[in-house]
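A short worksheet on the structure shown next.
What follows is calculated from the coordinates using simple rules that are stated; it is not laboratory data. The shown structure was predicted, so the numbers you read here are calculated from the model rather than taken from an experiment. Backbone-built Cβ (ideal geometry, glycine too); neighbour counts: all protein chains shown.
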Amino acid sequence: MEFLELIVKEVVPETKEAKSYVLESSDGEPIRYEAGQFLTLIIEFNGHDVRRSYSMGSTPGIDERLFITVKRKENGEISRHILEHWVPGTRVKAVPPSGRFTITTDPLHQRHIFFLTAGSGIVPVFSLIKSVLASEPRTHITMLYQNHDETTIIYHRELQLLEERYPEQFTRIDLLSHPLLHELPSRRLNNGLLEQLVGYHEPGAFQQQRNKPPTLFYTCGPPAFMRMAQFTLRLMGYEEEQIIKEHFTIPVLPPPALIIDPQPRKVLLRFNKKEYEYEVVYPTSILQAALDLHIELPYSCKAGRCATCTAKCLSGDVKMTNNEVLTEKDMERGLVLTCVGYAASDVRLEFGDPDM
Ligand SMILES: Cc1cc2nc3c(=O)[nH]c(=O)nc-3n(C[C@H](O)[C@H](O)[C@H](O)COP(=O)(O)OP(=O)(O)OC[C@H]3O[C@@H](n4cnc5c(N)ncnc54)[C@H](O)[C@@H]3O)c2cc1C
Ligand code: FES
């Protein structure tokens, strides 16, 4: 695969715990990406390569320069390494942008989009908000943004500028669990508050217009925050397809239970204009068998959460043990996650379909 080689052009402090990094490709070529996508960085750390994904806070077509924003994770090895060591001129290898936390915009759409976010979850949300505001003048955005206090709000000033520029279109609600200003209430988003705020900001009349695209909820934050949001919205009657999620944490998956007869299966794989043929035996995943043969397929989480390893199954049967990112429609089109995908027959796969 063509990895990117990136150079840090500028470092911009955001909060005490977060910095943005303006990145460029070392060959000077523009980096193609969609609002809401992420880069998977391959960082040499203590003698081996580790992968971590970071979303773009920038928006193509709006921001001239691509940037990511990294927030320190308590006892986190790589976030701390980046924040302490990256300076202008630092070089890093990366898997090209991927991810499905994206949106198809249409200037004729008139809809309501909620963004429910907390902490560094704002990074892809910020990218998406700028994209929607610029391209859907009749759409309304309500953003609920949970933080600890005023000083931990990433992109505070930039969000204020968006509020000033789009007063009719953009409603921003900051929720602070430990505000420094005593006159501000301490607020943490929970089921009751979310239900109340969604109900208030999406009055029934708005929902009931016919032929209107449905309200969407984009959510990105810590696991408990996202579980709460998902649970509450589903209870309120919103459909699964209306809730689009980006997980920043990678679960440790238990070894897959025996779901397939462990016989050798043939994998025929097309990737980067080359054909590969290899054998795989359950419980080795299709991705892992390729990596063991040094076929450098794209991947990030290896846990069925990010979609970086997506391929199209052209023939045969692939069983997945976890899927938190592909929709029913994607699967009907034959898309599979190879990191948690196991060959239940001989299979033929293709990576890099432009529609993936
Ligand atoms: C799609 C996506 C987008 C993200 N965007 C941002 C962002 O914009 N800003 C931000 O600050 N953080 C973002 N993160 C989180 C970021 O990738 C790191 O998990 C975070 O910085 C903590 O890493 P750490 O090494 O400091 O912490 P650690 O606690 O040392 O590592 C976190 C643990 O997560 C696991 N892990 C995380 N990523 C991977 C991976 N790619 N492959 C294998 N294992 C992994 C490892 O098991 C590791 O033990 C994103 C994560 C994902 C999945
Ligand atoms: S590598 Fe993330 S879903 Fe497969």
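Summary of values
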read-out: Potential lengthening between Ile62 and Ser315 on full extension [0.36 nm per residue; Cα-Cα distance subtracted]; value: 87.0 nm
read-out: Computed lengthening from Gln263 to Ser26, 0.36 nm per intervening residue step minus Cα-Cα distance; value: 80.9 nm
read-out: 9 Å beta-carbon shell around Tyr342, net charge (K/R +1, D/E -1); value: +2
read-out: FRET efficiency, His201 to Asn75 (Cβ-Cβ, R0 45 Å, nearest 0.05); value: 0.75
read-out: Residue pairs, from the table Lys93/Lys319; Lys9/Lys93; Lys273/Lys329; Lys16/Lys130; Lys130/Lys302, whose Cα atoms sit over 20 Å apart; value: Lys93/Lys319; Lys273/Lys329; Lys16/Lys130; Lys130/Lys302
read-out: MRE, 222 nm, helices only [DSSP H, n ≥ 4, -39500 (n - 2.57), over the chain, to nearest 500]; value: -6000 deg cm²/dmol
read-out: The chain - percent relative contact order, Cα under 8 Å, separation 6 or more; value: 13 percent
read-out: Three-way shape call for the range 112-247 based on the alpha-carbon gyration tensor, with the a/c threshold at 1.5; value: oblate
read-out: Loop-resident sites, the range 45-107, for GluC sites (Glu not before Pro), counting at most 11 other Cβ within 10 Å (DSSP); value: Glu64, Glu74
read-out: Debye, to nearest 20: dipole size of the chain, +1 on Lys, Arg Cβ, -1 on Asp, Glu Cβ; value: 320 debye
read-out: The range 239-290: trypsin sites (Lys or Arg not before Pro) in DSSP loop, at most 15 other beta carbons within 10 Å; value: Lys273
read-out: Shape call, the range 32-150: gyration tensor on alpha carbons, a/c limit 1.5; value: prolate
read-out: Within the range 2-92, trypsin sites (Lys or Arg not before Pro) in DSSP loop having at most 13 other beta-carbon neighbours inside 10 Å; value: Lys16, Arg32, Arg65
read-out: Over the chain: Rg over Rh, Cα atoms, Kirkwood Rh; value: 0.97
read-out: Net charge over other residues, Cβ less than 13 angstrom from the Cβ of Leu39 (K, R count +1; D, E count -1); value: +1
read-out: Sequence-distant residues sharing a close amide H with Arg111 (under 5 Å, placed H); value: Thr139, His140
read-out: His48 paired with Val252, simple spin-label distance in nm, labels 7 Å along Cα-to-beta-carbon; value: 1.5 nm
read-out: Inter-site label distance for Thr327 and Thr105 at 7 Å from Cα along Cβ, in nm; value: 1.9 nm
read-out: Counted charge near Ser25, where neighbours are those whose Cβ lies closer than 12 Å (Asp, Glu -1; Lys, Arg +1); value: 0
read-out: Simple label model, 7 Å out from Cα along Cβ direction - Ser177 to Phe3, nm; value: 3.6 nm
read-out: Cα-based shape type of the range 265-350, given that a ≥ b ≥ c are square roots of the gyration tensor eigenvalues and the cut on a/c is 1.5; value: rounded
